[in-house]
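Data first, discussion second: the structure below is written as structure tokens.
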Amino acid sequence: MSSVSTLPLFHLYGDPLDDQAFDFIHVETISARSSMHDWTIRAHRHRDLFQVLLIEQGGGEMNYEAATLGFEAPAAILVPATAAHGFRFRVAETEGWVVSFTEDVAAALGEHSGGALMRLRLLATAPVVPLASAAECARLSTLCRDLHEERFLAREGFRLAMRGLLALIVIEAVRLAASRARSGTVTLRPADPVVDALRKLIEDNFRQQRLLAFYAAKLAMTPDRLNDHVKRATGVTAGHLIRQRILTEAKRQLVFTPQPIHEIAYDLGFSDPSHFARFFRQQTATTAHEFRARRGS
């Protein structure tokens with residue numbers, strides 16, 4: 001059965017996909033786009049854009065995967081590529097910045113920037129980052145304004161200047177997010193190439209392949225060695241990453257589509273809806289019907 005697209009897939013919100021997007025950095029105010037859409041950005045995804053939002057004034061509500069999260073200024077919001085997200089900003093009150101970039105930009109900035117991006121992806125599991133002081137907000141705000149000026153004026157050397165400013169924004173966001181999540185100690189470790197390669201393979205194959213042996217063979221490793229490596233790097237097994245990706249897609253389709261549950265099961269590669277029901281209950285301690293009902297679908 002062919003897969004069902006559960007959410008609109010945009011380049012920037014409202015813009016068609018750009019499969020040629022490379023070395024892309026974009027910055028705009030929140031009002032520039034959201035005011036054209038009645039301050040509501042409906043749930044959608046980006047294929048290859050990471051976004052950092054700075055909420056300087058106002059607030060609102062965010063849909064992030066299957067969760068609904070409130071936010072108030074000052075705050076930063078982290079949205080990794082492929083994550084389902086949407087916003088309802090308080091009308092004409094909310095202001096700030098949206099910085100969007102393809103991940104190849106950060107990778108080209110060098111080892112520490114690449115490490116910061118990996119750290120940012122991990123910290124984005126808690127996407128709303130309240131800022132503790134006006135000084136924290138002001139540091140990010142200044143960087144965003146400088147980035148906007150470089151993009152708008154396009155002076156000599158502006159592309160290099162934009163990369164540098166983006167690196168500073170990413171590192172500042174990492175520091176702030178990590179300080180809220182833990183003790184404030186941040187180690188910008190290089191990205192793990194095996195884990196990155198595994199995540200990409202899972203993204204491309206999770207509907208058809210869920211056996212660890214398939215992914216291990218693609219990475220020229222034994223299943224045990226792959227599991228051990230991933231657990232050392234991330235704290236969870238490779239099998240857990242596979243199951244979580246399937247679960248994330250199941251939740252998306254339950255929340256964002258009216259698709260019957262048995263069709264979702266087949267779409268995700270389950271041979272029988274009862275197998276999907278058992279999987280969902282094991283992973284969430286609830287049924288797919290109960291999960292959908294709680295979300296008001």
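For D15 and R155, what does the FRET efficiency come to when R0 = 25 Å and r is the distance between their Cβ atoms, rounded to the nearest 0.05? Don't jump to the answer; show the numbers that get you there.
Numbers: r = 26 Å, r/R0 = 1.03.
Approximately 0.45, to the nearest 0.05.
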Here, R232 and H289, labelled 7 Å along Cα→Cβ, have an inter-label distance in nm of 4.7 nm
Go ahead and run the numbers for FRET between Q57 and D224, Cβ-Cβ distance against an R0 of 51 Å, rounding to 0.05.
0.45
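Remind me, relative contact order of the chain in percent, using alpha carbon pairs under 8 angstrom and six or more residues apart? Walk me through the numbers before you get to the answer.
Numbers: 460 pairs, mean separation 46.7, N = 297.
Answer for the chain is 16 percent.
Reported to two decimal places, what Rg/Rh ratio describes region 193-294 when computed on Cα atoms with Rh from the Kirkwood expression?
On the way: Rg = 14.5 Å, Rh = 14.3 Å.
My calculation of the ratio gives 1.01.
Quick check: residue separation of E72 and F22 times 0.36 nm, minus the Cα distance between them. What number comes out in nm? Spell out each step's value before the answer.
Numbers: separation 50, 0.36 × 50 = 18.00 nm, distance 3.28 nm.
Between E72 and F22, full extension yields an extra 14.7 nm.
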Kindly state, as a whole number, the per residue volume in cubic angstrom of the convex hull around the alpha carbon atoms of the chain.
146 Å³
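If each residue's Cβ is checked for other Cβ atoms within 10 Å, how do Y215, Y13 rank with the fewest at the top?
Values: Y215 24, Y13 21.
With the fewest neighbours first, Y215, Y13 line up as Y13, Y215.
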Compare V230, V79, V52 in a GNM of the chain, Cα atoms joined below 10 Å, and give the one with the largest fluctuation.
V230
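Quick one: compute the contact order of region 193-294, relative version, from alpha carbon pairs under 8 angstrom and 6+ residues apart, as a percent. Walk me through the numbers before you get to the answer.
Details: 76 pairs, mean separation 22.2, N = 102.
Normalised by residue count, the contact order of region 193-294 is 22 percent.
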Please report D38, D18 as a ranked list, fewest other C-beta atoms within 10 angstrom at the top and most at the bottom.
D38, D18
What nm distance separates the two modelled labels at K200 and F214, each placed 7 Å from Cα along Cα→Cβ?
1.9 nm
Using alpha carbon positions and the Kirkwood radius, the Rg to Rh ratio of region 1-101 is 0.96
Counting other C-beta atoms within 10 Å, which of R245, R225 has the fewest, and how do the rest follow?
R225, R245
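No value in this document is a laboratory result; all are computed from the given coordinates. No experiment lies behind these values; they were computed from the predicted model shown. Cβ coordinates were reconstructed from backbone atoms using ideal geometry, including for glycine residues, and neighbour counts include every protein chain displayed.
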